[in-house]
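Asks: Sharing a structure with you now.
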Amino acid sequence: MATTDGVVVEVSGLRKEYPPDIKAVDGVSFSIPRGKVFSLLGPNGAGKTTTVEILEGLRTPTSGQIRVLDVDAARDYSSIRKKVGVLPQNFEPFDLLTPLEAIAYWADLFGVPMTKKEVEGRLEQVGLIHRKSIMSKSLSGGEKRKLGIALSLVNSPELLFLDEPTTGLDPRARRDLWKLIEDTKKKGTTVVLTTHYLDEAEKLADDVAIMHKGKIIAQGSPGQLINKYGKKTAIVLVDAGSEGLKELSRRGISGVKDGNDVIVEVGDPSELRVMFAKLSSIDVRYKEMYTRRQTLEDVFLGLIGAKMEEGVLQE
Amino acid sequence: MNKILSDTISFGRQYLRTKVGAFFAFVFPILLIVLFGAVFTSGEGRGVSLPVQNLDSGPYSQMLIEILNQTGYFDISEISKNISISDYVSDKSLSLALCIPGDFSSNISSSLPATVQLYGDPTKSSYMVSMGVLSAAIDQMGYNVSGGAPIADIVQKSPGSKVLEPYDFLLPGFVGLTVMISAMYFMTATCAEHRSRGYFKLLATTTLKKSEWLTSKFLFNSAMLIASLLLTFAIAKVMFDLKAAITPTSLIFVVVGAFMFTSLGMLFGVIAKDPESASAVSNIVGFPMMFLAGSFWDLSAAPVYLQAISMAMPLTYLNNGLRDTMIYGNETSAAVNLAVVLALGVIFFVLASRLMSWKEK
C-alpha cells in the first residue's frame, strides 16, 4: 500500500488484539491529508491511544497496513523518526531539568542542536520563557504540557502526535494549548490529536474519527458529522406556547413544541438570517429567541447513546 | 481501641505491601543471619591455606610446624627456600604466608630472641585468627621447651616492598563495593523510574538508541566513580598516609567495573517494573554480593560451597583484581580478573540491550 500524494498517514484494516480475546483496535481504516488536524475522538478505552501508539511506532499491530510519511510504519520507522513529533499521554517532564535544559537536551537527541537563543525562542513560542530556569517538577500541569509540546516540536516535525494534550487542565490552560496547536497547524504541520473533549475536536480538527470499542463508528469533518448525524440547526422561541405555534402555522412556518418552547428547524445554516427576519415580522409573543446549533456532543450522544465526561461514558 | 487496632492493621498492610518494607522487615535480617552464619561456620570448611618457607634446619622449626599442623586450622604447604617469600606472596596475591628464619632454632637454643614472620593482609578475618593460632602454637612450644618462658615473637610483614597498614588493604574492597553500589543500584532504579514515569516511551520517540542510552549511563558512572576514587584516595592519603597506590590498572578496573555493573543494573531494570521492585531486586542481589565477594573479609576459611558462590559473583573478580594491582602489584593476576570483569560486562550489556524494550507490547 503506497500513500497517495498529500496523504501523510494511511491506515487500512488495523487490528491490535491482546490475549485472551481483547480487541483494542478492531479493523480501523483512515487516511490523513498533509497539513490537516485529524482527531481521534472517543471515551477512555476506545482504542485511541493504542491506535496512535502504533502510528508512532511504539506498538506493534496484530494485523493491518500502516504507512506513515511514505514508509511501512511496522518496519521502517527509524527512517522517519526525525520527522515525527510526539507528546505522549500523561506526559511527565524530567523533574530535575529546567525547560531550557530539557529542550536543548531533546534537540540533541534528534541531532538538531540548538543555540541558547533558539531554545529561548521555542520557550517563547509556547509561553514558558518566564519559567525557563526553574526545575520542571515545579511547573504547573499546563506548563508541563506546554513543555511537552515544545519538546515534540524541537525537530520541526512534519507529523505531530498529541495524545490527550489537554486532559485534566483548567479552561485557560486548555485554551492556551489550543492556540499552540492552531499555530502549529498554520505552519503546515500535520497534527494527529486524540481527545475525549468534544469541543476540542470540534474547534481544532479538520477531520474527526469517533472511536468506540476499538472501531471507528463515524468519520468526517465536524460539519459533515453534525449534518449527517445531528439534528438540524433550529431557532428556539422561548415560552411561545401553543398560541405561538398556531400563529407560525398560520404564516406557513412549520414548528414543533418542546415544553412551552417552539422550535423552528432550519435546513441550512445559511437560511438562518432569512428565518430570523420572518419570525421577527410575525406578532408572536415569546420571552427570548436563540439559535440552537448542533454540536459534536449531540452527534456523540446520538451515536453512542451516552454523554461523556472526562473520557468516561455516563451511561 | 478499635480505631488503633484498625489503624495498626491498615498501616501494617500498606507497609508490608511495599516491597522495600517487606525486604527490610523479613528478607534483610534473614539474609544477614544466613550469610554471617555461613561465613563463620567452621564445620564444613577446609583449613586456612598457610604456605610456609622454613629457612631453619634445626629442630624447633619442625616442632612449630608440627604444632601448627596439629591445630587442624591450617592447611600447610611448603615454599622453596630459594625464592623471595615477599615476591612469592605478591606474585600469588596471598593473604597469608609464614617465614621461619634460618636462625630460629639456634636463637632458641641460645635463649636469644627468635622471630617468625607472618605475611599477609591484616584486614582479613583469616589473618587475625591465624595470628592468634600461631601465637598459641608458639606459646605451647614455649611450655614444651622452656616451661612457659616466651621463646619467639611474631613479626607482621607486608607483601611487596611497601609497608602497608590495615586501611591500605581495605581500600580495594571499598572501591569495588562503591563501583557496584553506584553503578548497579543507580541503574536499576533509573530503569524503573524511566519505565514507571513513561520516560522510556518518550525516549523511544527520539532517534536515541537503547545501546546509546546505556553507553551514556556507563560513561557517566565511569567518570563519577573515577572522580570519587581520586577524591577518596586523596583524603585517605592526607589523613592516614595511605601506602596503597592508584595504579593505571586500578583506573581501568573502575571503568570496566562500572561498565559491568551498569549493564547488570540495566538487566535488573528489565525485571523491575517500578522503583519499589528495583530496590528489592538490587538489595536481594547486592547484599549477598557485598558480603560474599570479599569486600570486607576473605572467604578462604569459609565452607567450600560458599567459596563456590563467591566465585559466581561478579564483584569477587573486581575486588580481587583491584587487590592484585593496588596491594600486591600482581599485574598478571589482575589482567585475568580484568578479563573476567570485561567478559561479564559484555554479556550483561548484550543481554540488557536485547531484553529491554522501550516500547509497549
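Asks: Test B:Ala334 against the criterion of being surrounded by fewer than 22 Cβ atoms within 10 Å (Cβ to Cβ) and either more than 13 Å from the chain's Cα centre (by Cα) or of a type in the set (S, T, N, Q) (or both), and give yes or no.
Replies: So B:Ala334 fails the test.
Asks: From the list A:Glu265, A:Glu243, A:Glu271, pick out the single residue that is of a type in the set (Asp, Glu) and in contact with a strand residue (DSSP E or B) (Cβ under 8 Å, 6 or more places away or on another chain).
Replies: None of the other options fit; the residue is A:Glu265.
Asks: On the given criteria, is A:Gly85 closer than 26 Å to A:Leu303 by Cβ and either out of contact with any Leu (no Cβ under 9 Å at 6 or more places or on another chain) or not in a loop (DSSP other than H, G, I, E, B) (or both)?
Replies: The answer is no for A:Gly85.
Asks: Further, regarding this structure: Residue check, B:Ile151 against (1) at pLDDT 85 or above; (2) more than 14 Å from chain A (Cβ to nearest Cβ), all met but one. Which one?
Replies: (1)
Asks: What number of residues in region B:204-244 are part of a helix (DSSP H, G or I) and more than 14 Å from chain A (Cβ to nearest Cβ)?
Replies: Adding up the residues that qualify gives 24.
Asks: What pairs can you find where one residue is in region B:336-361 and within 14 Å of chain A (Cβ to nearest Cβ), the other is in a loop (DSSP other than H, G, I, E, B) and not hydrophobic (A, V, I, L, M, F, W, C), and their Cβ atoms are less than 8 Å apart, with a gap of 6+ or different chains?
Replies: B:Lys359/A:Gly57; B:Lys359/A:Arg59; B:Lys359/A:Thr60; B:Glu360/A:Arg59; B:Lys361/A:Arg59; B:Lys361/A:Thr60
Asks: Does region A:194-218 hold any residues that are crowded, with 22+ Cβ neighbours inside 10 Å and assigned to a strand (DSSP E or B), and which are they?
Replies: Those that are crowded, with 22+ Cβ neighbours inside 10 Å and assigned to a strand (DSSP E or B): A:Thr194, A:Thr195, A:Val208, A:Ala209, A:Ile210, A:Met211, A:Ile216.
A quick yes/no check of all residues on (1) within 11 Å of another protein chain (Cβ to nearest Cβ); (2) touching a Gly at 6+ places or on another chain (Cβ under 8 Å); (3) touching a residue at least 12 places away in the same chain (Cβ under 8 Å); (4) farther than 21 Å from A:Thr189 by Cα:
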{"site": "A:Ala46", "(1), (2), (3), (4)": "no, yes, yes, yes"}
{"site": "A:Thr60", "(1), (2), (3), (4)": "yes, no, yes, yes"}
{"site": "A:Glu92", "(1), (2), (3), (4)": "yes, yes, yes, yes"}
{"site": "A:Met114", "(1), (2), (3), (4)": "no, no, yes, no"}
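Asks: Suppose we keep only residues that are at pLDDT 85 or above and among the aliphatic types (A, V, I, L, M) within region B:258-280. Which one would you say is farthest from B:Gly345 (Cα to Cα)?
Replies: Top of the filtered list is B:Val270.
Asks: Then there's this: Might you let me know whether region B:118-130 holds any residue that is assigned to a helix (DSSP H, G or I) and of a type in the set (Asp, Glu)?
Replies: The answer is no; no qualifying residue exists.
Asks: In region A:83-135, what residues are surrounded by fewer than 16 Cβ atoms within 10 Å (Cβ to Cβ) and polar (S, T, N, Q)?
Replies: Selection gives A:Asn90, A:Thr115, A:Ser133.
Asks: Provide a single number: the residues in region A:145-168 that are farther than 15 Å from A:Val37 by Cβ and buried (at least 19 other Cβ atoms within 10 Å of the Cβ).
Replies: Within region A:145-168, residues that are farther than 15 Å from A:Val37 by Cβ and buried (at least 19 other Cβ atoms within 10 Å of the Cβ) number 9.
Asks: Residues A:Leu159, A:Leu128: which one is in contact (Cβ under 8 Å) with a residue 12 or more places away in the chain and within 14 Å of another protein chain (Cβ to nearest Cβ)?
Replies: Being in contact (Cβ under 8 Å) with a residue 12 or more places away in the chain and within 14 Å of another protein chain (Cβ to nearest Cβ) holds for just one of A:Leu159, A:Leu128, which is A:Leu159.
Asks: Residue under question is B:Phe200, and the condition is that it be away from chain A (no Cβ under 14 Å) and either at positive phi or touching a residue at least 40 places away in the same chain (Cβ under 8 Å) (or both); does it hold?
Replies: Considered against the rule, which asks whether it is away from chain A (no Cβ under 14 Å) and either at positive phi or touching a residue at least 40 places away in the same chain (Cβ under 8 Å) (or both), B:Phe200 comes out as no.
The values are calculated or read from the model by the stated rules, or taken from the named source; none is laboratory data. Treat the numbers as computed from the prediction; the structure is a model and nothing was measured. A quick note on method: Cβ atoms are made from the backbone with ideal geometry, for glycine too, and the neighbour counts reach across all protein chains shown.
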